[in-house]
Amino acid sequence: VTGKLVEYSVNEGDRVAKGDGLTIIDGVETELKFELAKVESPISGVVGRILLDKGANIIPGASALAIVVDMDEMIVMLNISEQDIPYMKKALKALLKVDAYPQEEFQGGISRVSEIVDSQTRTLPIEIRIPNKEHKLKSGMFARIKIIAAELKDVLVLNQDTIVQELGEKFVFLVENNIADKRKVTLGRRDDGKIEVIAGIREGDNVIVFGQQGLKDGASVVVSKE
């Protein structure tokens, strides 16, 4: 409706139910008389922000009066790098941490995976929903997310820095009798600086983990005791 804002019926932080009055506006014309109109909340939630001052002119479709938010569940938006797209699917478990509560971990799950890769960033948008009954998480917070793509046991694992890449293929260097042995490897999942090795080396192989960049196959090497 067009008119002037008489008053707010709520304050920021108040809980409201769908249909509760938010504001009163003086401006409803009925039989040449102006009457008061009540603006109702379209959803149940919390009044996050009051946007106007008393006496402000209200224009239909142009004047936002307040922001009401449903805080019981938060949606986290993030973009997944192209190499991790094969592991992303709905319902995967996600663990969230924020600086405001450094000792707490909030658990949720992937609720939406886009079918279109962003052509500018080469990333895939996804959404994660996190239960938030205590309203500790706030809109606009930054978070660190860990997505549990799979749980693997009894697999070979190396530090990612150990891997050498050449022309799109992945290699590691082993050392046998002080000679560098370049081995092509097939890699699997990555997590926190670690990467799964599916094929190319065996348990117990001596892998060069420092100084391998620029190393040539068959070169003589000296293994440091450190």
Worksheet entry | Gap separating the Cα centres of segment 85-155 and segment 165-226, nearest whole Å | 32 Å
Worksheet entry | Most mobile of 84, 191, 53 in a GNM of the chain (Cα contacts under 10 Å) | 53
Worksheet item: Rounded to the nearest 20 Debye, what is the dipole magnitude of the chain about its Cα centre when Lys and Arg each give +1 and Asp and Glu each give -1 at the C-beta?
Response: 400 debye
Discussion item. Considering only protein heavy atoms and a probe of 1.4 Å, how much of the accessible area of segment 115-226 is carbon and sulfur, as a whole percent?
Written reply: 47 percent
Item to complete: At 1.4 Å probe size, with no ligands or nucleic acids counted, give the accessible surface of residue 221 in Å², nearest ten.
Response: 30 Å²
Practice prompt. Quick one: among 168, 193, 211, which has the greatest mean-square fluctuation in a GNM of the chain with alpha-carbon springs under 10 angstrom?
Written response: 168
Worksheet item: What base-10 log of the normalised intensity I(q)/I(0) is obtained for segment 104-226 from the Debye formula, alpha carbons as equal point scatterers, at q = 0.10, 0.13, 0.20, 0.23 Å⁻¹?
Response: -0.52, -0.74, -1.15, -1.35
Practice prompt. State the volume of the convex hull built on the alpha-carbon positions of segment 1-141, expressed per residue in Å³ and rounded to an integer.
Written response: 165 Å³
Discussion item. Need the full-extension length gain, residue 40 to residue 123, defined as separation in residues times 0.36 nm minus the C-alpha distance. One decimal, nm.
Written reply: 25.9 nm
Item to complete: Please give the FRET efficiency for residue 95 paired with residue 65, using the beta carbon to beta carbon distance and R0 = 25 Å, rounded to the nearest 0.05.
Response: 0.10
Fill in: Average accessible area per residue (Å²) across the chain - probe 1.4 Å, nucleic acids and ligands excluded
69 Å²
Practice prompt. Give, in nm to one decimal, the length gained when the segment between residue 210 and residue 148 is fully stretched (0.36 nm per residue of separation minus the Cα-Cα distance).
Written response: 19.4 nm
Worksheet item: Highest GNM mean-square fluctuation, the chain, Cα pairs closer than 10 Å: which of 62, 100, 199?
Response: 62
Worksheet, complete the sentence: re segment 142-205: pairs of Cα atoms spaced beyond 18 Å account for a percent value of 42 percent
Worksheet item: How much net charge surrounds residue 121 when only other residues with a Cβ under 15 Å from its Cβ are counted (Lys, Arg +1; Asp, Glu -1)?
Response: -2
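The values are calculated or read from the model by the stated rules, or taken from the named source; none is laboratory data. What you see is a predicted model, and the numbers here were worked out from it, not measured in a lab. Note that we place each Cβ from the backbone using ideal geometry, even for glycine, and neighbour counts take in every protein chain shown. SASA here: full protein model, heavy atoms, side chains in, ligands and nucleic acids out. Shrake-Rupley method; radii C 1.70, N 1.55, O 1.52, S 1.80 Å.
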